[in-house]
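Below you'll find the structure, written out as structure tokens, and then a few comments.
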Amino acid sequence: MSSNYGHVPDDKLALYQQLIDAHPDIELKGGTKLPYTSHGGNMFSQLTKAGTVGLRLEKAEREAFLAKFDSELLVTYGTVMKEYVAVPDHLLQDTASLLPYLEQSYAYAKTLKPQARKRKS
């Protein structure tokens, strides 16, 4: 699989795509930018330039994930994404084990207020 996303590592993109494909209601987005998923204009997962997948989780689920996987909050472009956990590489390689966390992330996104759409001039 060749990346259309600039400098995203192809192996990580393939694993991220495999994860997204495992959920029938979620579609990978991103065009020529970094790949991500969103619902109602709210992003809930992403693949960074460095090849790290981030999942947006509500507070209790986020804290449990960080403790269980000895993970950290996602950092992208030098910014700590306070609602996102960084998925460890070993977990990214295990779609079946990671899928419930993607489902939690999607469920959380559904609770967020939809983003206002920008009007084209």
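Find the relative contact order for the chain and round it to a whole percent, using C-alpha pairs within less than 8 Å whose residues are 6+ positions apart. Spell out each step's value before the answer.
Numbers: 186 pairs, mean separation 30.4, N = 121.
The normalised contact order for the chain reaches 25 percent.
Cα-based count: Lys pairs in the stretch 10-111 below 21 Å, eight or more positions apart or different chains?
For the stretch 10-111, the number of qualifying lysine pairs is 12.
Run lengths n ≥ 4 of DSSP H only: what is the helix-derived mean residue ellipticity at 222 nm for the chain, with -39500 (n - 2.57) per run over all residues, to the nearest 500?
Details: 4 runs with 43 residues, N = 121.
Rounded to the nearest 500, the figure is -10500 deg cm²/dmol.
Enter the per residue convex hull volume of the chain, computed from alpha-carbon coordinates, in Å³ rounded to the nearest integer.
Details: hull volume 14.3 nm³, N = 121.
Looking at the chain, the number lands at 118 Å³ per residue.
Obtain the nm distance between the two label points defined at residue 18 and residue 60 by a simple spin-label model: each point lies 7 Å from its Cα along the Cα-to-C-beta direction.
3.2 nm
At 18 Å minimum axial length over the Cα atoms and a Kyte-Doolittle cut of -0.5, report the qualifying DSSP H helices in the chain, or say none.
Details: long enough: 95-111 (24 Å, -0.15).
Span-like helices, by this rule, are 95-111.
Laboratory data are not the source of any read-out in this text; all were calculated from the coordinates shown. Predicted model only: the values in this text are computed from it and were never measured. Note that each Cβ is placed from the backbone with ideal geometry, even for glycine, and that neighbours are counted across all protein chains shown.
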